[in-house]
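What follows draws every value from the coordinates through simple rules; no lab data is involved. Fair warning: this is a prediction, and the values are worked out from it, not measured in the lab. Note: ideal-geometry Cβ built from the backbone for every residue, glycine included; neighbour counts use all protein chains shown.
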Amino acid sequence: MLMLGIESSTAQVGVAVGSHDGVLASTHSSRDRRHAESIAPMIQFVCQQARIELSDISVVAVDIGPGLFTGLRVGIASAMAVAHGLGVPMIGVSSLDLGAFAAEHSSRLIVPCYDARRGEVFSAQYRSVPGGVQRVTEPAVFTPDELAADLLAQNEEILLLGDGADRYRDQFEMVGNLEFGAKGLWYPSARSLVELAHPKALREEFVLPSEIEPLYIRLPDAEINWKVRDGRA
Amino acid sequence: MGDLILGIETSCDETAAAVVRDGHDVLSNVVSSQIDIHARYGGVVPEVASRAHVEMMMPVVAEAMVEGGVDKDDLAAVACTVGPGLIGSLLIGVSAAKSLALVWGKPFIAVNHLEAHLYASFLEKPDMELPAVILLVSGGHTMLVLMEGHGQYRLLGQTLDDAAGEAYDKVARYLGLGYPGGPIIDKMAADGDPEAVRFPRAMAKDGYDFSFSGLKTSVVNYVRKNPDVADVDIAASFQEAVVDVLLTKAQRAVHEFDAKGLCLAGGVAANSLLRARTLELAEADGVAGFVPARSMCTDNAAMVAAAGWWRMASDGPAPMDQGANSSLALPTYA
Ligand SMILES: [Zn+2]
């Protein structure tokens, strides 16, 4: 089995290819947000590096968010088209799952926290379990103060990671027993995506390209306003 | 069997894919419109449009291939609109189209949305004689173009403020008629008196540029002062003023540049008065008049595939790091 992974839900964009032997090749860029420009050349690059043909890929994994809407959709649209074009199934994985998975050996409560812009962050909580991590709260959007208050109430040792953790460092520093994740954990990575999706592929937890659903969490502003105006909120 | 091009279009609020042979023979033309989704907001909401595009993109492509009876191996290239338009919407089509081209081993062709509208005429009339004056009118654009050859355009004039379609939407919103304004006003105008109110024809005499914001303002002012005048008469008089200005300039261009034809393009070209007058005028002037089918005037991917076929021959494939450009201009000279 050869898996292509595409990840573009944050300021970083990356592509990786993996097999039963683990990640064969990966690349990423966190320079300016040129996700749409980068993905296709990155796919060509990782295939060359791994010395495989695109037609050998048998499953496509993609980060389904939450994240920055435009970048997220660019990754999903690219991945769907690759899977559709090759006639292969897909696996969708949450960006927060990827963030937590990269810190899977921590004994602390693992809390990925990505910048959602407009003064908010996306976050969820995880615990390390044999063979990976287990999500203990649902992905949601918070203001940094809300999340800090929530973590303070946990009363346990916390590993907070992600570009959102870094951006709002001041608000989170008030939480005791909190450790900030290293810079290498600021963004979900295509490497983690391929590693985490691999066991799912072995269990055949596949979806069709048309069944991939982005995890937006936040409604479009216009829809929020419309519901408020109509008293439907 | 000729060159089959898969065209993809996501620049605004239509998710579309089509397969066209040799720039004119339409094998399939699938359009998933979001008009109903945006109607409640009174206009296109970019984030809402992008969400719908990502959901519809692959089903629309799949349907275009099946309906055209085409296998990926039959395709000569994948063409996609790269601008102008809503950036978040454009990027979905571009990302999907590049990925398909990549995995199918086909060239990727970057298409300018405005040029694609101009090519709607060639879908039905591939042997159209040039030069032709093309009036491109839509919700986002109002341009008078002299097409002298394939890929050779002279921009004679364009709107200095609102696009013609935008003026329709704004007047419809002011009158409380709903969205989108074009088809609604067009329908009402059929029952009204176009001579009821003489609205101003801005800049009708000077140059080839247009201005519609003054017309919109005078409609609003008139209705405020004369609340008893029937909406159908306002609609008919407004439409008369718009069409009059558009075609006065188009006709002058036909004469000045000795054009062999006069064509319409863009969403507003679906307007019945504009269509009828264009044909009348062309006939009176002894030039070929051409109005594409309504389905080819509004955004679609058949026109993208048609323009892509010409672009492939002139420019070849676009690179895999091609992005989208929300303000891409029509490639013109002079
Ligand atoms: Zn258009």
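Tabulated data for the structure shown
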quantity	calculated
Förster-model FRET efficiency, 45 Å R0, B:Asp206 and A:Glu53, C-beta, rounded to 0.05	0.15
Tail weight of P(r) past 24 Å, computed on alpha-carbon pairs of segment B:129-294, percent	31 percent
Zone of A:Arg118's modelled label, taken as backbone nitrogen in segment A:64-95 under 18 Å from a point 7 Å along Cα→Cβ	A:65-73
Efficiency of FRET from Cβ geometry, A:Gln134 and B:Lys72, R₀ 45 Å, rounded to 0.05	0.65
Directionally averaged shadow of chain B, computed from the convex hull of its alpha-carbon atoms, nm²	16.2 nm²
Per-bin percent of Cα-Cα distances, the protein assembly as shown [20 Å]	21, 45, 27, 7, 0
Listed residues A:Glu120, A:Glu104, A:Glu223, most fluctuating in chain A (Gaussian network, C-alpha, under 10 Å)	A:Glu223
Fluctuation leader among A:Ala50, A:Ala16, A:Ala197 - chain A, Gaussian network, Cα springs under 10 angstrom	A:Ala50
Spatial separation of Cα centroids for segment B:98-151 and segment B:195-219, in angstrom	29 Å
Rounded to 5, percent antiparallel among DSSP beta bridges of chain B	55 percent
In sequence order, calculated HN-Hα J values of segment A:192-200 (Karplus, 6.51, -1.76, 1.60; Hz; x Gly/Pro)	4, 4, 5, 5, 6, 6, 4, x, 5
MRE, 222 nm, helices only [DSSP H, n ≥ 4, -39500 (n - 2.57), over the protein assembly as shown, to nearest 500]	-13000 deg cm²/dmol
Simple spin-label estimate for B:Thr332 and B:Arg224 in nanometres, 7 Å along Cα-Cβ	3.4 nm
Per-residue Cβ neighbour rank within 10 angstrom, fewest leading, B:Ser121, A:Ser95	B:Ser121, A:Ser95
Whole-Å semi-axes of the ellipsoid equivalent to segment A:103-185 (Cα gyration tensor, √5λ, descending)	19, 13, 12
GNM result for chain B, Cα springs below 10 Å: residue of B:Asp169, B:Asp321, B:Asp73 fluctuating most strongly	B:Asp321
Antiparallel content of DSSP bridges confined to the protein assembly as shown, in %, to 5	60 percent
Cross-link pairs B:Lys170/B:Lys205; B:Lys72/B:Lys98; B:Lys125/B:Lys205; B:Lys98/B:Lys125; B:Lys125/B:Lys187 - those with Cα-Cα distance over 23 Å	B:Lys170/B:Lys205; B:Lys125/B:Lys205; B:Lys98/B:Lys125; B:Lys125/B:Lys187
Loop GluC sites (Glu not before Pro), segment B:187-287, which have at most 14 other Cβ atoms in a 10 Å radius of their Cβ (DSSP)	B:Glu195
Sites B:Glu195 and B:Glu124, calculated FRET efficiency, Cβ-Cβ separation with R0 30 Å, nearest 0.05	0.35
Average Cα contact separation per residue, chain B, under 8 Å, 6 or more apart, as relative contact order %	25 percent
Distance between modelled label sites at B:Ala62 and A:Glu156, nm, 7 Å Cα→Cβ extension	4.2 nm
Cα-derived Rg over Rh, computed across segment A:28-93 with Rh taken as Kirkwood radius	0.96
Distance from segment B:68-89 to segment A:137-157 (C-alpha centre basis), Å	44 Å
In Hz, Karplus ³J(HN,Hα) per residue of segment B:83-89 (6.51, -1.76, 1.60; θ = phi - 60°; x = Gly, Pro)	x, x, x, 6, 4, x, 6
